[in-house]
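Engineer: Take a look at the following structure, please.
The values are calculated or read from the model by the stated rules, or taken from the named source; none is laboratory data. Because the structure is predicted, anything quoted here is derived from the model rather than measured. Here the Cβ is made from the backbone with ideal geometry for all residues, glycine too, and neighbour counts use every protein chain on show.
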Amino acid sequence: MTTTTKRPALGRGLDALLSNRGAAPAAGKGAANAGFGVESGTANAGVGVGTSAVASAVSGAVSDGKPLEIPVDRIDVSPYQPRTAKNEDALEELARSIAATGVIQPVLVRPVQGRFQLIAGERRWRASQLAGKSTVPAVVRHVSDEQAMEMAIVENLQRSDLNAMEQARAFARLSNEFNLTQEEIALRTGKDRASVGNFMRLVKLPLDVQQFIEYGSLSFGHGRALLALETEDQIRRVALMVVQRTLSVRLTEELVQQTLNPTPTERKNPAPVDPNVREACGQLQQILGMKVQIKDRNGRGRVIVDYANLDDFDRLMTLLLK
């Protein structure tokens, strides 16, 4: 009997990504620690500010992972930040906490053109500015664009508050900008391939429907159900009906099926669909993320699965072979 090992929920996680990957080679103990002085008695205790320490971090001499106190005005926002929604109330609450007790967990940055670019910790950096802090504790890492983006995604996934569209766009950027396959993205982020594929398909939705998901009017499940529709006009029309009626995912799937298979107007007394067949059809569509039809006649019939591309077909084969 063969057993399989289930991949951990977040794979290697941020700690593993930070271990040695992309780090500059050590410049010797004396050089690496040049300009470091531990502060004590403050909530922001870390490595002392010091121009030489910051300059060393920019030049690549610092590689031991110790936090530096870096001026907030020398740090720039990451272009790879997957989070787009901002909760101002939560940010102000964090600022009050930092004003009282300091930043407990350092932010993560990398040197870029004489300045520092955030990899993880944008909320802590912004809240520090709101709290009137002139510096923020930061760990400096010398990593590539791809590694910086990967770290940003994994760090945010660990916080598990990215909305579905933020995750979808982040995965799509890894694919489009760094030519990673769905399997490679899954391995690097700890998600399974089918999950990555399902999220990435959400970016095919019309932009106004994506906004419904981003703002919470529609869920990930709603988005998957809508993808079974054939045209953007159908998707927009059904999505608006779902939002206006606050329909569940199950009812959305039924509405999608009604849109795809309208009842002929001349048929006055259509044969009712067996509830068990309807439920099975909805379950299959939810699992596969594809249009499914069940043609049943007295317990015999066909199951028809429509796939949109080779990725869908590959995912279908993987699920069936399991």
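Engineer: Looking at segment 89-196, what helices (runs of 4 or more DSSP H) fall wholly within it and have at least 3 residues that are closer than 18 Å to Leu68 by Cβ and either in the same structural domain as His222 (by TED's automatic domain parsing) or within 22 Å of the chain's Cα centre (by Cα) (or both)?
Structural biologist: In segment 89-196, the matching helices (runs of 4 or more DSSP H) lie at 122-130.
Engineer: One residue is enough: does segment 174-191 have a residue meeting the conditions of a type in the set (Lys, Arg) and over 28 Å from Leu91 (Cα atoms)?
Structural biologist: Looking through segment 174-191, at least one residue is of a type in the set (Lys, Arg) and over 28 Å from Leu91 (Cα atoms).
Engineer: Under 7 Å by Cβ, and 6 or more places apart or on different chains, what pairs join a residue from segment 294-308 that is under 14 Å from Asn276 (Cα atoms) with one that is surrounded by 12 or more Cβ atoms within 10 Å (Cβ to Cβ) and among the acidic types (Asp, Glu)?
Structural biologist: Asp296/Asp274
Engineer: Might you let me know whether segment 240-252 holds any residue that is surrounded by fewer than 22 Cβ atoms within 10 Å (Cβ to Cβ), out of contact with any strand residue (DSSP E or B) (no Cβ under 8 Å at 6 or more places or on another chain), among the basic types (Lys, Arg) and modelled with pLDDT of 90 or more?
Structural biologist: Yes, because at least one residue in segment 240-252 is surrounded by fewer than 22 Cβ atoms within 10 Å (Cβ to Cβ), out of contact with any strand residue (DSSP E or B) (no Cβ under 8 Å at 6 or more places or on another chain), among the basic types (Lys, Arg) and modelled with pLDDT of 90 or more.
Engineer: Something else: Any chance you could count how many residues in segment 211-235 are part of a helix (DSSP H, G or I), surrounded by fewer than 20 Cβ atoms within 10 Å (Cβ to Cβ) and either not acidic (Asp, Glu) or not assigned by TED's automatic domain parsing to the domain that holds Gln167 (or both)?
Structural biologist: 4
Engineer: Another question about this same structure. Any chance you could count how many residues in segment 197-208 are more than 13 Å from the chain's Cα centre (by Cα) and either among the β-branched types (Val, Ile, Thr) or assigned to a loop (DSSP other than H, G, I, E, B) (or both)?
Structural biologist: So the answer is 2.
Engineer: Could you figure out which of (1) under 27 Å from Leu94 (Cβ atoms); (2) modelled with pLDDT of 90 or more isn't true of Met149?
Structural biologist: Unmet for Met149, out of (1) under 27 Å from Leu94 (Cβ atoms); (2) modelled with pLDDT of 90 or more: (2).
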